Amino acid sequence: MAQLIGGLGTSHIPAIGGAIHKGLQQDPYWAPFFNGYPPVQQWLAQQKPDVVVMFYNDHGLNFFLDKMPTFAVGAAPQYHNADEGWGIPTLPPFQGEVDLSWQIINHLVDKEFDVTTCQEMLVDHACTLPLKLFWPEGDCPVTVVPVCINTVQFPLPKASRVYAFGKAVGEAIQAWDSSKKVAVVASGGLSHQLEGERAGHINKKFDLQFMESLVSNPEWATQFSVHELVEKTGTQGVELLMWLAMRAALTTAGSGVRKVHSNYHIPISNTATGLIALETVA
Ligand code: DHB
Ligand code: FE
């Protein structure tokens, strides 16, 4: 059976792609952000996962406001990145893991999550930047199963529903008949709001409490409604639902998690940036 080795969470601000392209990692503005990643890169170099299941939200590249699935799973042999208008250079295509995609889709539908299946799918900065942050050198060494959760257009799925969804994805990974090592990644958040009267809204207290809850009390955030999460973390801060899905997937792997590393820095662009790496404990 496949081995679920752990989970990672990271913010995904498009400007990160520009900073990587320009080599600004040690610039004073960027260093507190980028310096969070080497311990996680080292852990990944030791663990050597073969596959990443990526929880993220598409921002209008593959799904636009006219067609917005709540949950969508990629089942393509390759995923192309395309220009989304942020001025970040596009990356070469990412390799899919079609067998695991269908394993996850079949299990989710069996568990009454009626997902959209995507045999062609463009991936935006939210899918590509975590992979570049975790494996900055050379070609991406893992295959990918992109899993989209709508946090862009209301109605959004409830935190408790996202938690159950993540758990079902974890069960599917555990039951996958493969000798491969799998890591789950959450892309998004933490608190931020890009538009309107509260543009620039950041809630450090909530973000840190949320990150801590992922280690010790994973269901903590399911007590909040989506509107409460938006109120606390901003209209885009609700992307932290991805982290909840990631953590829920890990509950299927054993008795708990060990925190490998975390980082929190305010702000990059208008956003509070977070990073976490959790290892499953058998
Ligand atoms: C920013 C953050 C996001 O999550 C995003 O998808 C786009 C932009 C930002 O802070 O600039
Ligand atoms: Fe985003």
| query | How large is ³J(HN,Hα) for each residue in region 31-41, as worked out from phi by the Karplus curve 6.51 cos²θ - 1.76 cosθ + 1.60 (θ = phi - 60°), to whole Hz, x for Gly and Pro? | reply | 4, x, 7, 5, 5, x, 7, x, x, 6, 4
| field | For region 244-249, 3J(HN,Hα) per residue [Karplus equation, 6.51 cos²θ - 1.76 cosθ + 1.60, θ = phi - 60°, Hz, x = Gly/Pro] | value | 5, 4, 4, 5, 5, 4
| request: Using only Cα atoms, locate the centre of region 125-198 and the centre of region 59-90, then give the distance between them in Å, rounded to an integer. | output: 13
| query | Which of GLY87, GLY256, GLY18 moves most in a GNM of the chain, Cα contacts under 10 Å? | reply | GLY87
| task | Using packing as a proxy for protection, rank 240-252, 140-152 so that the peptide with the highest average count of other Cβ atoms within 10 Å comes first. | result | 240-252, 140-152
| Which residue, GLY200, GLY189, GLY237, tops the fluctuation ranking in a GNM of the chain built on C-alpha contacts under 10 Å? | GLY200
| query | Based on the alpha carbon coordinates of region 1-105, what radius of gyration and maximum Cα-Cα distance (Dmax) apply, in Å? | reply | 16.1, 45
| field | 5 angstrom amide H check on GLY256, placed H, neighbours 5+ away | value | VAL281
| request: Could you tell me which of rounded, prolate or oblate describes the chain, using a ≥ b ≥ c as the square roots of the eigenvalues of the alpha-carbon gyration tensor, with rounded for a/c under 1.5 and, failing that, prolate when a/b is larger than b/c and oblate otherwise? | output: rounded
| query | Using modelled amide H (1.01 Å from N, peptide plane; none on Pro or chain starts), what sits under 5 Å from the amide H of THR235, excluding residues fewer than 5 places away? | reply | LEU194
| note | Computed over region 108-175, the distribution of all Cα-Cα distances in 5 Å bins, rounded to whole %, is 3, 12, 20, 21, 22, 14, 6, 2
| Assigned charges on the beta-carbon of Lys, Arg, Asp, Glu; the chain dipole about Cα centre (debye) | 700
| task | Starting at the first residue of region 153-170, write each ³J(HN,Hα) from the Karplus equation 6.51 cos²θ - 1.76 cosθ + 1.60 with θ = phi - 60°, in whole Hz, x for Gly and Pro. | result | 10, 5, x, 9, x, 5, 4, 5, 5, 5, 4, 5, 5, x, 4, 5, 5, x
| request: Output the pairs from LYS167/LYS204; LYS180/LYS259; LYS158/LYS204; LYS48/LYS232; LYS167/LYS232; LYS180/LYS205 with a Cα-Cα distance over 31 Å in this structure; if there are none, say none. | output: LYS48/LYS232; LYS180/LYS205
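Readers should treat all values here as calculations from the given coordinates under stated rules, not as data from a laboratory. As the structure is a computational prediction, the values presented were derived from the model and not from experiment. When we count neighbours, we look across all protein chains shown, and the Cβ atoms used for this are built from the backbone with ideal geometry, even at glycine.
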